[in-house]
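None of the figures in this text is laboratory data; all of them are computed from the coordinates on show. Computed from a predicted structure; not experimentally measured. Note: ideal-geometry Cβ built from the backbone for every residue, glycine included; neighbour counts use all protein chains shown.
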Amino acid sequence: LSEALQINTSLNVLDISRNRIGVDGVISLGETLKTNTSLRELCLSYNDFGNDGIVGLCDGLEMNKSLRTLYLRKNDFNDEGLNALSAALKINTTVTSIHLEENMIGIKGAFAMCEMLKVNTSLTGLFFGWDDVYDYGYNEY
């Protein structure tokens, strides 16, 4: 799939949620994001790829110029993964909406996202829920 997406110029939406793509699969998609110019929406929810997967995805997300919406619900990453995502979103200027519900996000991850929001001007939708941030993390910044 990743090889095909490096060549394909017409696919706009890819939903591979609940497919157990694993760490290697999402890292491969990250490589694809470096060169793919057509994908606008990527749904990776419920794949449980953890921090290693999100870090690999972010390598490509930094360079991608077409992706607008990213669904990462319930992939078992924590603050470490969210730090990588925050760093990528400081560079990426095309993602406008990101869904992070049901991950293991804590206060440090929430703070990293707040710092990212100070420099990212393209993100218009950021979705959290069922995490470990609580009131303190949301109110601190």
**OP:** Could you give the C-alpha radius of gyration of the chain expressed as a fraction of 2.2 N^0.38 Å, taking N as the number of residues it contains?
**Re:** 0.97
Subject >> Stretchable slack from D76 to K108, in nm (0.36 nm times residue separation minus alpha-carbon distance) >> reply: 9.9 nm
Subject >> Viscosity 0.890 mPa s, temperature 25 °C, Stokes-Einstein D of region 27-66 from Kirkwood C-alpha radius, µm²/s >> reply: 239 µm²/s
**OP:** On a 0 to 90° scale, report how tilted helix 50-61 is relative to the longest principal axis of the chain, with both axes built from alpha carbons and the result rounded to the nearest 10.
**Re:** 60 degrees
Original post:
So who's got an amide H within less than 5 Å of the one on L126, skipping anything under 5 residues away but keeping other chains? H placed 1.01 Å off N, in plane.
Top reply: I98
Subject >> For region 42-84, fraction of C-alpha pairs farther apart than 16 Å, in % >> reply: 32 percent
**OP:** Please report the relative contact order for the chain, taking Cα pairs under 8 Å with a sequence separation of at least 6, and give it as a percent rounded to a whole number.
**Re:** 20 percent
**OP:** Give the angle, between 0 and 90 degrees and rounded to the nearest 10, that separates the Cα long axis of helix 22-33 from the longest principal axis of the Cα atoms of the chain.
**Re:** 70 degrees
**OP:** Would you kindly state how much longer the chain becomes between L11 and T69 on full extension, computed as 0.36 nm times their sequence separation minus their alpha carbon distance, in nm to one decimal?
**Re:** 19.5 nm
Original post:
So if R0 is 25 Å, what FRET efficiency would E62 and T124 give, r being the distance between their Cβ atoms, rounded to the nearest 0.05?
Top reply: 0.85
Subject >> Nonlocal amide H pairs with S38, under 5 Å, H built at 1.01 Å >> reply: none
Original post:
Which whole-Hz ³J(HN,Hα) couplings does region 110-127 yield from phi under the Karplus relation 6.51 cos²θ - 1.76 cosθ + 1.60, θ = phi - 60°, glycine and proline marked x?
Top reply: 4, 4, 4, 5, 4, 5, 4, 5, 6, 10, 7, 10, 9, 6, 10, x, 9, 10
